[in-house]
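Visitor: Sending over a structure as structure tokens; questions will come in a sec.
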Amino acid sequence: MSDRFRLPRTALPRHYVLALTPDLDAGRFDGELAVTLHLGEPVEQLVANALDLVIDDAELESAGERWTAVAELDPGTERVTFRFDRPVPAGAAVLRVRYHGVLNEKLTGFYRSWYTDENGSVQVVAVTQFEATHARRAMVCWDEPEMKAPLSLTLVIDPALEAVANSAVVEDSTTPEGRRRLRFAETMSMSTYLYAWVIGPLTATDAVDVRGTPLRVVHRPGQGELTSFALESGAFGLDWMARYYGIEYPGDKCDLVSVPDFAFGAMENLGCITFREALLLVDPARATQSELQRVADVIHHELAHMWFGDLVTMKWWNGIWLNEAFATFMEMKCTDAFRPEWDRWTDFGLTRTAALEVDSLTSTRPIEFEVVSPEDAEAMFDVLTYEKGAAVVRMLEQFLGEDAFRDGIRAYLAEHAYANTETTDLWDALEAATDQPVRRIADSWIFQGGYPVVTPEVTGEERRTLRLRQERSMFAQGDSAEVDPGELDRLWAVPVLLRYGAGDTVYDERFLLQERVEHFELKATPDWLHLNSGGSGFWRAAYDAAGLAALGDRLTELSALERYQLVDDAFSSV
């Protein structure tokens, strides 16, 4: 892998102390940073990330000595190099940097947002959005997921404004110049893309206590009547996640922050979760079920990240898919528990068709792929990461069993808390909890694009042998599109949840189809069979005419999702 966009490991951050003085009207900010480092060897230069910043001065202190640093910025690689006039010894060191920057209008990094208040006046809000690689637009930092460190933040702001950040305010004072100084508690050790602060004419609801954690909705004045549903679903989700994961919420507070201009739906900054206004604020008396469901989904998705993503984080951006796919899976589990009458899993089964359609094209990609540049990381945010990824996680959960799957997740989070992982660490934890070949199954779905069509046939003298065959489902794009024969030769480890009937008895069995063709012995001669019982498999079934007719006679015995899949699979085959 090219190291053009990767930082050397000679210096590792241990703690950031950051003071920012933003001027919202002028659209600029001043920063003072002191970052404690561990130097693994003597160095004559340090390399960190910085973009669109102006370095005013920098120095380094180590073992009671000081070094003046000359800063060289490289916008192409989004890095800054601090060069020293003599070697700095290995061990602990503190790099101090004074710098300034612009509150941009790009909806990334540290940027300005606007809204018009009830009096018709335009109000400015300063917001951060650091995922994937934009913390470097607000501070000099080691802006890679694996380089976790706690942050101690101070904001010096106009006294008429409010501010929230990852942690609670521990000191609120006034500077000699009459500005308001807010000092926030030290955060837990976390990746820089999760640091966050929001400053502006804001207000907050009263806090709701959830297992000892204060939960609030932060919003612009005049929107208080739109916060009740967010508080209700947020309180439910925070409690439900803690019980599911078996670990208490890792932050000291949790603010759900409404932002007027926001590029994403929401962002999982620990304790300072930012949302597009329409995905947080809603009037339950006037909203449709789909609108309420969307708000609940987004809130629960971000809360799921507080553990899976924030507490335990991927080592590098190739793991974004698992971060987002798992949170998508968890949002649906939580929303289904929050409002069972919404039948959330059936709804997901219907919308999952979009992922199947994209994944059946020759242009599809593996869920996980190599990430080198920041642009590569941004490319992971699509239907294959979210919907296909979540569907694969759901398929694994249903095949392994919900309780055993949860046990594996708990073990994974407990073992890797405050640290970073590779995708395979999760598969290892699930294998240990279930004694199933989870890595073999998952790798076949994660590292190759596409999915199979599974065809059943009942054979044998007593017609109790089930013959299953898998073939890749793929549609060429364009009249002259050529398909590599190797693409059609792909195989998956296909979890098959089979339900079949013999007389008045209904049987449920689980098989793992790993070869092109395999034979499985049934407990009885089936009158009918349904390959994808429960509808959790991310693959299609192709029945012959007799098999479809037998299922057609029993449609009332199938769930809504199972009936939909019969139609969807048949339509796809046309």
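Visitor: Dipole magnitude of the stretch 169-230 about its Cα centre, charges +1 at Lys/Arg Cβ and -1 at Asp/Glu Cβ only, in debye to the nearest 20?
Guide: Computed about the Cα centre, the dipole is about 140 debye.
Visitor: If I fit a long axis through the Cα atoms of helix 402-416 and take the longest principal axis of the Cα atoms of the chain, what angle between them do I get, 0 to 90°, rounded to 10?
Guide: Approximately 30 degrees, to the nearest 10.
Visitor: Take the Cα atoms of the stretch 42-137, find their three principal axes, and give me the spread along each one in whole Å, biggest first.
Guide: 59, 28, 20
Visitor: Kindly provide the trypsin sites (Lys or Arg not before Pro) of the stretch 493-572 that DSSP labels as loop, not H, G, I, E or B, and whose Cβ sees at most 16 other Cβ atoms within 10 Å.
Guide: R516, K523, R554
Visitor: A further question on this structure: Can you give the angle from 0 to 90° between the axis of helix 289-305 and the longest principal axis of the chain, with both taken from C-alpha atoms, to the nearest 10?
Guide: 70 degrees
Visitor: Are there GluC sites (Glu not before Pro) in the stretch 467-571 that DSSP marks as loop and that have at most 16 other Cβ atoms within 10 Å, and which are they?
Guide: E482, E515
Visitor: Would you mind getting the accessible area per residue of the stretch 265-385, heavy atoms of the protein chains only, 1.4 Å probe, in Å²?
Guide: So the stretch 265-385 comes to 29 Å² accessible per residue, rounded to a whole number.
Visitor: Then there is this: Can you give the calculated 222 nm mean residue ellipticity of the chain, where each DSSP H run of n ≥ 4 adds -39,500 (n - 2.57) and the sum is split over every residue, rounded to the nearest 500 deg cm²/dmol?
Guide: Computed ellipticity for the chain at 222 nm equals -8000 deg cm²/dmol.
Visitor: What is the count of Lys pairs in the chain whose alpha carbons sit under 25 Å apart, if the two are 8 or more places apart or on different chains?
Guide: Qualifying lysine pairs in the chain: 5.
Visitor: Among the GluC sites (Glu not before Pro) in the stretch 219-264, which ones are in a DSSP loop with at most 15 other Cβ atoms within 10 Å of the Cβ? Mind listing them?
Guide: Filter output for the stretch 219-264: E248.
Visitor: Using the Kirkwood radius built from alpha carbon pairs, what does the Stokes-Einstein equation give as D for the stretch 12-95 at 10 °C and 1.306 mPa s, in µm² per second?
Guide: In µm²/s, the coefficient is 115.
Visitor: Taking the Cα centre of the stretch 135-200 as origin and charging only Cβ (+1 Lys, Arg; -1 Asp, Glu), how large is the dipole, in debye to the nearest 20?
Guide: Here the stretch 135-200 has a charge dipole of around 100 debye.
Visitor: Once you have a ≥ b ≥ c as the square roots of the Cα gyration tensor eigenvalues for the stretch 415-528, tell me rounded if a/c is under 1.5, and otherwise prolate or oblate according to whether a/b is larger than b/c.
Guide: oblate
Visitor: Based only on Cα atoms, what mean projected area does the convex hull of the stretch 230-382 have, in nm²?
Guide: Mean projected area of the Cα convex hull: 10.1 nm².
Visitor: I would also like to ask the following. Could you work out the relative contact order of the chain, using alpha carbon pairs under 8 angstrom and six or more residues apart, expressed as a whole percent?
Guide: After rounding, I find 9 percent.
Visitor: Quick one: 3J(HN,Hα) in Hz for the stretch 492-502, Karplus 6.51/-1.76/1.60 with θ = phi - 60°, rounded, Gly and Pro as x.
Guide: 10, 8, 9, x, 10, 9, 9, 10, 8, x, 10
Visitor: Tell me whether the stretch 319-364 comes out rounded, prolate or oblate; compute the Cα gyration tensor, take square roots of the eigenvalues as a ≥ b ≥ c, and use a/c under 1.5 as the rounded threshold.
Guide: The shape class here is oblate.
Visitor: Counting heavy atoms of the protein chains only and a 1.4 Å probe, report the per residue accessible area for the stretch 479-574 as a whole number of Å².
Guide: Per-residue value: 52 Å².
Visitor: What angle do you read, to the nearest 10 degrees and between 0 and 90, between the alpha-carbon axis of helix 423-434 and the longest principal axis of the chain?
Guide: 50 degrees
The values are calculated or read from the model by the stated rules, or taken from the named source; none is laboratory data. Computed from a predicted structure; not experimentally measured. Heads up, the Cβs are rebuilt from the backbone with ideal geometry, glycines too, and the neighbour counts pull from every protein chain shown. Accessible surface is based on the protein model in full, side chains and every heavy atom, while ligands, DNA and RNA are left aside. Shrake-Rupley method; radii C 1.70, N 1.55, O 1.52, S 1.80 Å.
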